[in-house]
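Notes follow once the structure below has been shown.
The values are calculated or read from the model by the stated rules, or taken from the named source; none is laboratory data. Everything quoted here is computed from the prediction, not taken from an experiment. FYI the Cβ positions are ideal-geometry reconstructions off the backbone, even for glycines, and counts take in every protein chain you see. All accessible areas refer to the heavy atoms of the entire protein, side chains included, with ligands and DNA or RNA removed. Shrake-Rupley method; radii C 1.70, N 1.55, O 1.52, S 1.80 Å.
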Amino acid sequence: MTDLIEALKAPTADPGTGQVRTGTPVSRVDGRAKVTGQAKYAAEVPAPDLAYGVVVSSPVAKGRITAIHTADALAVPGVVEVLTHQNRPKVRSFDIAYKDMTAPAGAPFRPLYDDKVFYSGQPVALVVAETFEAARYAAALVRIDIEQEPHDTKLSANVDKAYKPKPLKAGFEPPPDEKGNADKAFAEAPVKIDAEFYSGVEHHNPMELFASTVIRDADGHLTIYDKTQSSQNSRWYVSHVFGLSKSKVTVRNPYVGGAFGSGLRPQYQLTLAVMAALHLKRSVRVQLTRQQMFSFGHRPETLQRVKLAAERDGTLRSIYHQAIAETSPIEDYVEVVVNWSGMLYACDNIKFDYKLVKLDQYTPIDMRAPGAAHGVHALEVAMDELSYALNMDPLQLRLKNYAERSPVEDKPYSSKELRACYELGAKQFGWDKRQLAPRSMKEGTELVGWGMATGVWDAMQMFARASAVLHADGRLVVSSAATDIGTGTYTVMAMIAAEAMGMPLEDVTFQLGDSTLPVAPIEGGSSHVTTVGSAVAGVCEKLQKTILKHAQKLKDSPFASAKMKDVEFAGGTLRLKKQPETSLPLTAILNDSGMVRLEEKYLMLPNMLKQRKFRRLVHSAVFVEVRVDEELGVVRVTRVVNAVAAGRIMNLKTATSQVVGGIVWGISQALHEESYTDHRFGRFMNHNLSEYHVPVNADIHAIDVIFAQEDDRIVSRLGAKGVGEIGIVGVAAAISNAIYHATGRRLRSTPMTPDKVLAGFDSGKP
Ligand code: MOS
């Protein structure tokens with residue numbers, strides 16, 4: 001971490017003025033609130049006369065509820081009610097009412113709607129009591145009679161039922177049409193690879209459990225603290241499902257303890273908590289258990305096949321990428337799995353295939369670089385296999401086929417410093433000392449291997465509104481209904497505003513996490529900086545103009561004839577660029593103009609006409625060292641260097657943290673995570689943190705993050721492209737490739753557990 005430590009020593013403010021600058025490392029402004037416990041999460045917010053709801057889940061995967069026996073539960077002291085589909089309050093009956101902002105095609109799940117059960121773990125009752133303990137105990141006493149129907153949860157047994165999904169989902173792009181003739185080019189090429197890959201179900205497992213606290217006022221207004229990646233998405237959903245006017249519901253999510261995509265859709269504890277609050281006319285909290293965290297969406301189980309063909313000099317002639325993934329009986333969950341293979345390498349013949357299979361499971365949901373984490377994994381392991389077939393250095397193969405324009409659609413990139421990532425990463429890692437042959441390095445009892453992979457993710461921008469209020473006492477409050485899921489939104493938005501207005505960071509507050517604030521999109525796709533950040537920059541620019549106008553009107557104003565280009569905002573003042581000693585404190589401008597506050601509002605709309613002309617991506621080059629104990633099958637990832645090109649980096653510290661976190665999840669994808677289904681019951685077996693493995697400190701060794709210089713004014717006015725999800729992409733592939741380099745064993749499924757390492761060969765079939 002030497003680079004990071006050096007970087008953290010860099011000054012964060014201009015000497016003299018205390019002025020914060022974007023691009024520097026700044027500690028999170030909400031850090032103190034978090035470490036002291038002052039930051040309250042959805043299940044921690046106090047409320048008077050609060051009732052507690054505990055969910056009863058279906059033990060069977062498919063069937064019809066014939067009876068619910070609640071007498072024993074209701075007899076427990078303190079139990080207030082057992083809500084089921086039979087006594088719940090009225091809800092809307094059209095599918096459209098259940099569509100949230102990120103819903104895919106299909107009919108969304110309706111909690112406690114009717115007697116149908118379509119997945120194991122489905123909520124079928126809510127026990128509400130005066131205490132959490134009473135509710136939890138009573139929930140165990142509820143007996144449900146379910147007339148079981150046969151279920152099917154096996155993806156591999158149903159690939160013949162795969163179909164082309166409806167491509168309807170925010171941010172989804174269906175695979176493009178074939179370029180050239182991939183089959184013919186494959187048949188004719190001298191060197192080829194045809195490999196299958198398998199990745200099992202994964203669950204997000206953020207530290208914070210899903211929870212909703214619904215606080216009901218005397219007048220019936222609901223203030224809901226919800227664990228979500230968008231307060232406005234939850235507000236919209238609750239309004240629609242229950243037919244409540246917008247003014248009757250406020251959703252807040254000021255702090256979110258990780259989400260990784262699981263909070264992109266309103267989850268059922270929200271619906272159940274609101275049901276109970278409406279039914280009982282009192283405040284209710286519903287928090288899920290860790291086991292129930294495995295019952296509302298997951299990264300889908302996916303089968304892939306990648307065929308690559310090349311000339312003997314390494315020139316790629318053909319790329320074919322197929323994926324078959326699971327979805328639920330009710331919705332077509334889609335994600336971009338295969339398209340990435342048409343964005344990285346120059347090639348004349350590229351063909352895709354993406355299909356879904358309906359299984360008796362809940363609808364999958366976006367998780368940590370959805371689609372790319374596994375799609376790019378398959379491509380990048382196949383590229384490594386091709387490099388060995390060619391007897392060529394894996395990095396040289398990437399450079400040989402480096403795309404200067406996005407290959408399938410033949411568009412320019414808005415920016416692409418991937419070459420710099422390869423160079424910076426390779427240099428930092430010491431890649432030039434690598435020998436081509438597997439099993440060439442050993443230390444003690446361990447084989448040592450070096451592997452690399454490319455990473456890619458979207459550089460997205462959505463639309464957002466922001467408001468800014470400058471108070472006469474010198475405080476600036478900027479607001480948007482954005483979310484901080486731990487990524488650093490509070491900090492980065494405050495930095496952007498402080499820099500624009502020339503104010504010290506301490507005087508600037510960014511308000512987020514409240515559905516009544518100006519419209520912001522869901523925090524997803526690593527796009528909050530490009531979107532909300534640009535709205536913040538926009539509203540500050542408007543505020544600057546208004547301040548200048550007021551300054552011009554002051555008596556004997558030194559700014560009377562000044563234009564925007566003649567002035568700057570620095571040290572809490574407005575001053576002339578050419579004559580900095582001619583300055584006025586912003587507070588004086590407001591006070592002398594007789595104002596206690598000055599407010600501006602701004603709507604940031606992306607320039608889509610311009611953006612559409614470019615393929616907009618973030619890139620990375622990942623280099624990994626593993627140590628493999630062949631007798632135990634244990635893999636240790638002892639060194640990771642991830643060089644990332646993600647436009648201008650706004651906060652070096654939080655951006656680095658994002659990428660480090662992504663790398664940890666990449667190690668996790670590679671070695672630890674999988675939710676195993678017992679197909680006899682159609683149920684996840686390891687739904688707890690003792691058996692669903694995530695990395696612990698002992699699994700994580702040296703991690704280096706490097707940012708390549710990049711500045712992309714097509715993606716955003718800030719030059720930023722967004723950072724977060726790019727951190728995971730390519731990491732598992734680099735680890736797989738390093739394991740091959742260490743051992744000569746090619747593992748084509750994730751996670752690469754000791755049994756697979758010991759077996760020595762992995763067909764990529766489940
Ligand atoms: Mo992310 S998987 O878009 O929260």
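Of everything in region 344-375 that is crowded, with 24+ Cβ neighbours inside 10 Å and more than 24 Å from residue 103 (Cα to Cα), the residue that is nearest to the ligand (Cβ to nearest atom) is 344. The strands (runs of 3 or more DSSP E) falling completely within region 89-202 that include 2 or more residues that are surrounded by fewer than 19 Cβ atoms within 10 Å (Cβ to Cβ) map to 143-148, 191-199. Only residues that are open to solvent by 40 Å² or more (accessible area, probe 1.4 Å) and touching a residue at least 24 places away in the same chain (Cβ under 8 Å) were counted across region 708-722, and they come to 3.
Test residue 17 against the stated conditions and say whether it is modelled with pLDDT under 95 and within 30 Å of residue 650 (Cβ to Cβ). So residue 17 passes the test. One residue is enough: does region 495-512 have a residue meeting the conditions open to solvent by 10 Å² or more (accessible area, probe 1.4 Å), at pLDDT 95 or above and within 16 Å of the ligand (Cβ to nearest atom)? Checked region 495-512: at least one residue is open to solvent by 10 Å² or more (accessible area, probe 1.4 Å), at pLDDT 95 or above and within 16 Å of the ligand (Cβ to nearest atom).
Rundown of residues vs (1) in contact with a Phe, Trp or Tyr (Cβ under 8 Å, 6 or more places away or on another chain); (2) farther than 30 Å from residue 277 by Cβ, yes/no style:
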residue: 120; (1), (2): yes, no
residue: 125; (1), (2): no, no
residue: 129; (1), (2): yes, no
residue: 144; (1), (2): no, no
residue: 151; (1), (2): no, yes
residue: 167; (1), (2): no, yes
residue: 182; (1), (2): yes, yes
residue: 189; (1), (2): no, yes
residue: 211; (1), (2): yes, no
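Any residue that is surrounded by fewer than 19 Cβ atoms within 10 Å (Cβ to Cβ) and polar (S, T, N, Q) - is there at least one of those in region 409-425? Checked region 409-425: no residue is surrounded by fewer than 19 Cβ atoms within 10 Å (Cβ to Cβ) and polar (S, T, N, Q).
Residue count for region 312-338 under the criterion of being open to solvent by 10 Å² or more (accessible area, probe 1.4 Å) and farther than 30 Å from residue 119 by Cα: the result is 5.
Looking across region 551-579, the residues that are open to solvent by less than 60 Å² (accessible area, probe 1.4 Å) and in a loop (DSSP other than H, G, I, E, B) come down to 554, 557, 559, 562, 571, 572.
In region 260-271, the residues that are within 11 Å of residue 226 (Cα to Cα) form Cβ pairs under 8 Å with partners that are within 16 Å of the ligand (Cβ to nearest atom) and among the small types (Gly, Ala, Ser), at six or more places apart or across chains, as follows: 263/230; 266/234; 267/297; 270/234.
A quick yes/no check of all residues on (1) within 16 Å of the ligand (Cβ to nearest atom); (2) over 20 Å from the mean Cα position of the chain (by Cα); (3) part of a loop (DSSP other than H, G, I, E, B):
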{"position": "204", "(1), (2), (3)": "yes, no, yes"}
{"position": "208", "(1), (2), (3)": "yes, no, yes"}
{"position": "232", "(1), (2), (3)": "yes, no, no"}
{"position": "238", "(1), (2), (3)": "no, yes, no"}
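Is it the case, given these coordinates, that residue 309 is open to solvent by less than 30 Å² (accessible area, probe 1.4 Å), modelled with pLDDT of 95 or more, out of contact with any His (no Cβ under 9 Å at 6 or more places or on another chain) and assigned to a helix (DSSP H, G or I)? In short, no. Quick check on my filter: what residues within region 288-306 are over 30 Å from residue 59 (Cα atoms) and open to solvent by 20 Å² or more (accessible area, probe 1.4 Å)? Answer for region 288-306, where residues must be over 30 Å from residue 59 (Cα atoms) and open to solvent by 20 Å² or more (accessible area, probe 1.4 Å): just 305. Restricting attention to region 593-626 and to residues that are assigned to a helix (DSSP H, G or I) and free of Cβ contacts under 8 Å to residues at least 40 places away in the same chain, the residue that is most open to solvent (accessible area, probe 1.4 Å) turns out to be 609. A single member of 755, 762, 711 is assigned to a helix (DSSP H, G or I) and among the acidic types (Asp, Glu), and it is 755.
Taking region 627-655, which residues are within 27 Å of residue 404 (Cα to Cα) and outside any strand (DSSP E or B)? Answer for region 627-655, where residues must be within 27 Å of residue 404 (Cα to Cα) and outside any strand (DSSP E or B): 646, 648, 649, 650, 655. Restricting attention to region 248-268 and to residues that are surrounded by 24 or more Cβ atoms within 10 Å (Cβ to Cβ) and polar (S, T, N, Q), the residue that is nearest to the ligand (Cβ to nearest atom) turns out to be 262.
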